[in-house]
Amino acid sequence: MSTSLSVAATPSKTSHKSDSAAKSSTMSAVQRRNRWMMFFFILPMLVVFLAIVIIPSLQSIQLSFTDYDGISPTYNYVGVDNYHEIITSGRFWNAVKNTLILGIGSAFIINVISLVMALLLDRIHHFSGFFRTIVYLPSLVSAFIASTIWKYMLNYNFGAVNSILKKAGLEGWVHDWLGDSHIVVWVLLFLICFTLGGNTTLIYLSNLQSVPQELVEAAEVDGASGWQVFRHVTWPMLAGSVTVNFTLSLIGGWVIFDQIQVLTGGGPGFVSETMAFFIYRLGFGEYRAGFGSAAAVLLFIIVMITTVITNKYMRGREIQA
């Protein structure tokens, strides 16, 4: 009797296994089909990305070892001469210095100001939409248009800034803001920070509104001050948005171009050139495309190294928080 039962049970187990295998095979087929569908969806954009980003980037590496002028159909290979000339060029190191000041400086300042603005907006309960719109509005204006407006406002002869200072009896403060080689980089830093904080503020604000209020209230009940609540509750919760905002601000700072082109043109002389503008002027202004390509390769390496280091540090801070 038991033998017949065990024999009868065997086909049932076998049937169950075969059904599971069939379901697994069907699921894997569906997954493969879905993967192929996703691939075909992204294929057009992938082709465009390869055509306008990857291939030209690889070609830039090749051109960096040549004396290509950007116009002639022929060029000669010069080895690492372009890289050697760049490294020994004072103009290059001046562009690196300006890029560090504008890139790292703007990343820190924008994040600090944006975080403060987000904390203030988070406490506003009446007309909050209006104030958020006001804070975000500068980000809707293109860097080119904003720089053009500031260029007229900072004009030495008829600019609004100098006119207001004169009428206020502060003639000693009147400056050629964009023509003084001692302050022009710091003026550019101010203008960049003024126009690039809207998106950063909104990211911080959205993160602040996701902080559990139970934790904040518990800390306040325990007698924590406003600073202690921020330091030990709110700040650790903002770790992810700090990483995102600082990384994006740093990358944006490395490739600042529009403001330099409109406001100073790299001047006076070469004083306010950044790496991005330095590359542009070499390739399209001085017709040294090979030399400019070498500078672009160096900029790419710098951006990659700093981004990786920054992300590693910020991710480590997230874990500790």
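The values are calculated or read from the model by the stated rules, or taken from the named source; none is laboratory data. This structure is a prediction, so every number in the text was calculated from the model and none was measured. Using ideal geometry, Cβ is built from the backbone for each residue, glycine included, and neighbour counts are taken over all protein chains shown. For the accessible areas, the whole protein counts, side chains as well, though only heavy atoms, and no ligand, DNA or RNA atoms are used. Shrake-Rupley method; radii C 1.70, N 1.55, O 1.52, S 1.80 Å.
Could you tell me whether Gln259 is more than 26 Å from the chain's Cα centre (by Cα) and either surrounded by fewer than 18 Cβ atoms within 10 Å (Cβ to Cβ) or touching a residue at least 60 places away in the same chain (Cβ under 8 Å) (or both)?
Numbers: more than 26 Å from the chain's Cα centre (by Cα): no; either surrounded by fewer than 18 Cβ atoms within 10 Å (Cβ to Cβ) or touching a residue at least 60 places away in the same chain (Cβ under 8 Å) (or both): yes.
The answer is no for Gln259.
Would you be able to tell me the number of residues in region 58-81 that are outside any strand (DSSP E or B) and open to solvent by 60 Å² or more (accessible area, probe 1.4 Å)? Walk me through how you get there before you give the answer.
Residues of region 58-81 outside any strand (DSSP E or B): 58-65, 67-76, 78-81.
Checking the rest, the ones that are also open to solvent by 60 Å² or more (accessible area, probe 1.4 Å) come to 58-59, 61-62, 65, 67, 71, 73-76, 80-81.
So the count comes out to 13.
Six or more apart or on different chains, Cβ atoms under 7 Å: show the pairs whose first residue is in region 196-220 and in contact (Cβ under 8 Å) with a residue 24 or more places away in the chain and whose second is charged (D, E, K, R).
Short answer, once both residue conditions are applied: Leu205/Asp122; Leu208/Asp122; Gln209/Asp122.
Please work out which one of (1) β-branched (Val, Ile, Thr); (2) in contact (Cβ under 8 Å) with a residue 12 or more places away in the chain; (3) farther than 20 Å from Thr264 by Cβ is the condition Thr133 fails and give its number.
Here Thr133 meets the rest and fails (2).
Give Phe190, Phe127 a once-over and let me know the one that is more than 18 Å from Asp258 (Cα to Cα) and either aromatic (Phe, Trp, Tyr) or open to solvent by 40 Å² or more (accessible area, probe 1.4 Å) (or both). Before you say what the answer is, go through the steps one by one.
On the way: Phe190 fails: more than 18 Å from Asp258 (Cα to Cα).
On inspection, the qualifying residue turns out to be Phe127.
Given the criterion hydrophobic (A, V, I, L, M, F, W, C), closer than 26 Å to Gly198 by Cα and open to solvent by 30 Å² or more (accessible area, probe 1.4 Å), identify the matching residue among Trp227, Trp254.
Numbers: Trp254 fails: open to solvent by 30 Å² or more (accessible area, probe 1.4 Å).
When all the criteria are applied, what remains is Trp227.
Among the acidic types (Asp, Glu) and over 27 Å from the mean Cα position of the chain (by Cα): does that describe Asp122? Write out each step before concluding.
Values: among the acidic types (Asp, Glu): yes; over 27 Å from the mean Cα position of the chain (by Cα): no.
So Asp122 does not fit the description; no.
Of (1) within 29 Å of Asn111 (Cβ to Cβ); (2) open to solvent by less than 60 Å² (accessible area, probe 1.4 Å), Leu248 satisfies all except one. Which?
For Leu248, the exception is condition (2).
Can you name the condition, by its number, that Leu178 falls short on among (1) under 30 Å from Ala295 (Cα atoms); (2) under 26 Å from the mean Cα position of the chain (by Cα); (3) assigned to a helix (DSSP H, G or I)?
(3)
Looking only at residues in region 82-107 that are assigned to a helix (DSSP H, G or I) and without any contact (Cβ under 8 Å) to a residue 12 or more places away in the chain, which one is surrounded by the fewest Cβ atoms within 10 Å (Cβ to Cβ)? First the steps, then the outcome.
Going residue by residue through region 82-107, those that are assigned to a helix (DSSP H, G or I) are 82-87, 90-107.
Subsequent filtering for residues that are without any contact (Cβ under 8 Å) to a residue 12 or more places away in the chain retains 84, 87, 90, 93, 97, 100.
Values: His84: 12, Ile87: 12, Gly90: 8, Trp93: 12, Lys97: 13, Leu100: 16.
Top of the filtered list is Gly90.
Within region 151-159, identify whether any single residue is open to solvent by less than 80 Å² (accessible area, probe 1.4 Å), under 26 Å from Lys97 (Cα atoms) and part of a loop (DSSP other than H, G, I, E, B), and answer yes or no. Step through it out loud before you land on a result.
Initially, region 151-159 is screened for residues open to solvent by less than 80 Å² (accessible area, probe 1.4 Å), giving 153-155, 159.
Applying the additional criterion that residues be under 26 Å from Lys97 (Cα atoms) yields 154-155.
From the residues that got through so far, the ones that are part of a loop (DSSP other than H, G, I, E, B) too are 154-155.
Checked region 151-159: at least one residue is open to solvent by less than 80 Å² (accessible area, probe 1.4 Å), under 26 Å from Lys97 (Cα atoms) and part of a loop (DSSP other than H, G, I, E, B).
Going by the conditions given, is Gly198 within 22 Å of Met117 (Cα to Cα), of a type outside the set (S, T, N, Q), modelled with pLDDT under 85 and open to solvent by less than 50 Å² (accessible area, probe 1.4 Å)?
Answer is yes for this residue.
Regarding region 162-169, can at least one residue be identified that is of a type in the set (S, T, N, Q) and either open to solvent by 80 Å² or more (accessible area, probe 1.4 Å) or free of Cβ contacts under 8 Å to residues at least 40 places away in the same chain (or both)? First the steps, then the outcome.
Of the residues in region 162-169, the ones of a type in the set (S, T, N, Q) are 162-163.
Now drop any that are not either open to solvent by 80 Å² or more (accessible area, probe 1.4 Å) or free of Cβ contacts under 8 Å to residues at least 40 places away in the same chain (or both), which leaves 162-163.
Yes, because at least one residue in region 162-169 is of a type in the set (S, T, N, Q) and either open to solvent by 80 Å² or more (accessible area, probe 1.4 Å) or free of Cβ contacts under 8 Å to residues at least 40 places away in the same chain (or both).
Which condition from (1) loosely packed, with under 14 Cβ neighbours inside 10 Å; (2) among the β-branched types (Val, Ile, Thr); (3) under 30 Å from His84 (Cα atoms) is the one that Thr310 breaks?
Going through the list (1) loosely packed, with under 14 Cβ neighbours inside 10 Å; (2) among the β-branched types (Val, Ile, Thr); (3) under 30 Å from His84 (Cα atoms), Thr310 breaks only (1).
For region 281-296, name all the residues that are open to solvent by 40 Å² or more (accessible area, probe 1.4 Å), at pLDDT 85 or above and part of a helix (DSSP H, G or I).
Across region 281-296, the qualifying residue is only Arg281.
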